[in-house]
Amino acid sequence: MTGSALVIGGTGPTGPLVALGLEARGYEVTILHSGNHEIPEVAGLVHLHGDVFDEDGLRQILDHRTFDVVVASYGRLRSIADVLRGRVGHFISIGGAPVYRGFFDPAIHVPPGLPIPTDEEAELATEADDGKSYRIGRTEELLFEAQPKATHFRYPYVYGPRQLAPREWCVVRRILDHRPFIILPDDGLSLIPFGYIENLAHALLLAVDRPEASMGQIFNCGDDEKLTIRQVVEIIGDELEHDWDLLSMPADLAIPARPLMMNYRTTHRVMDTSKLQNLLGYRDVVPARQAVRLAARWLVDNPPEAGGYEESALQDPFDYAAEDRLASWWRTAIGEPPDLGYVELPGYGKSYAGPGTRNVRASTRI
């Protein structure tokens, strides 16, 4: 037996994978959660039930217990860190990428947009910038006051089974409903930070395996390959063998695509995960392109309830009549572009050697 481990949460997207990974490493694993969502994968582990958002309740439940490893994946992180002060060998916690200044509002930067890529030393949000982002950062400060040797992970958006806001459902449901097109904002070229559940769990378990390298550190995490919105849509369409039009329009007009944008601008949000790779040796266990296919297939087999919590969290009304009207208007608007009267068409620059250059070069040979 390696020791004792506590996973706070444990029944969400990444929790079961972390708990089972700890068990495979020889830990005696206890899961602390509300008890409202039991899942068969971790039924054989010790369970404690209680309100992990209540500090007094936490003190009562955990009493004077000590643990070699604690993974805090849910609940009120400040309280958890304080309650377990001095009672944990290695405290591993999960926060979020929104801690960075401009994550929610890229227009805070001039010109708008986060620094690309955004590393762990990037500027954090102030209270004047954004209250929610500031509170995430303040929680990190208090966490390390209570647990100086903690390892903290800044999660991206999570995807995969049991995700309560599954972005892939915006695509999968439209395919299941046989939609002939999907609207993409600015051609769907935005990069948004995402991490597949198995990849994120793998990152946390690397911290367990390499405590000397991970203690006292903050890590960005997420898939190695950063996929654009369009790539995600194309991969899902291919996986589900659905042929449809990817209808690009300016983001200001692409109202149905807002749940895929996850922001009011299409500026990139790319988290630098090189520290995780260099210090802990992280590499995706499931490549992002394969992970998107797996997530889509899981949703086909486990579709969220129409109008239920997941669709409410996504804020996607799936209003196809409105989408049809918008698409019809847009196609009419761009159907007959004016003759601009160019005497000589602009080029891509003399260094360009992509499609369309072969014929030009052949015609200019002597």
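The values are calculated or read from the model by the stated rules, or taken from the named source; none is laboratory data. Quick caveat: nothing in here was measured; it's all calculated off a predicted structure. Don't worry about glycine lacking a Cβ; one is built from the backbone with ideal geometry, like all the others, and counts go over all protein chains shown. Accessible surface areas use protein heavy atoms only, side chains included; no ligands, DNA or RNA. Shrake-Rupley method; radii C 1.70, N 1.55, O 1.52, S 1.80 Å.
Screening residue 179 on (1) assigned to a strand (DSSP E or B); (2) surrounded by fewer than 24 Cβ atoms within 10 Å (Cβ to Cβ) shows it passes everything except condition (1). Residues that are under 13 Å from the mean Cα position of the chain (by Cα), closer than 26 Å to residue 114 by Cβ and of a type in the set (A, V, I, L, M, F, W, C) occur in the range 164-185; there is at least one.
Taken residue by residue, the range 146-153 has at least one member that is modelled with pLDDT of 95 or more, open to solvent by less than 10 Å² (accessible area, probe 1.4 Å) and β-branched (Val, Ile, Thr).
For the range 60-115, a residue qualifies if it is of a type in the set (Ser, Thr, Tyr) and either open to solvent by less than 10 Å² (accessible area, probe 1.4 Å) or more than 22 Å from the chain's Cα centre (by Cα) (or both), and the qualifying residues are 66, 79, 93, 100. Give the number of residues within the range 26-38 that are part of a loop (DSSP other than H, G, I, E, B), open to solvent by less than 50 Å² (accessible area, probe 1.4 Å) and closer than 16 Å to residue 73 by Cα. Looking only at that region, the number is 1.
Whenever a residue of the range 39-67 is assigned to a helix (DSSP H, G or I), it has no partner that is open to solvent by less than 30 Å² (accessible area, probe 1.4 Å) and among the basic types (Lys, Arg) lying with C-beta atoms less than 6 angstrom away and at least six residues away or across chains.
Here 172, 158 are screened, and the one residue that is open to solvent by less than 10 Å² (accessible area, probe 1.4 Å) and not in a loop (DSSP other than H, G, I, E, B) is 172. Pairs linking a residue in the range 4-23 that is surrounded by 24 or more Cβ atoms within 10 Å (Cβ to Cβ) to a residue that is at pLDDT below 95 and polar (S, T, N, Q), with Cβ atoms under 8 Å and 6 or more positions apart or on different chains, are 7/73; 8/73; 10/73; 14/73; 15/73; 18/73.
Within the range 119-131, not a single residue is open to solvent by less than 10 Å² (accessible area, probe 1.4 Å), outside any loop (DSSP other than H, G, I, E, B) and not aliphatic (A, V, I, L, M). Counted as qualifying within the range 242-322 are the helices (runs of 4 or more DSSP H) with 3 or more residues that are open to solvent by less than 20 Å² (accessible area, probe 1.4 Å), aliphatic (A, V, I, L, M) and modelled with pLDDT of 95 or more, namely 288-301.
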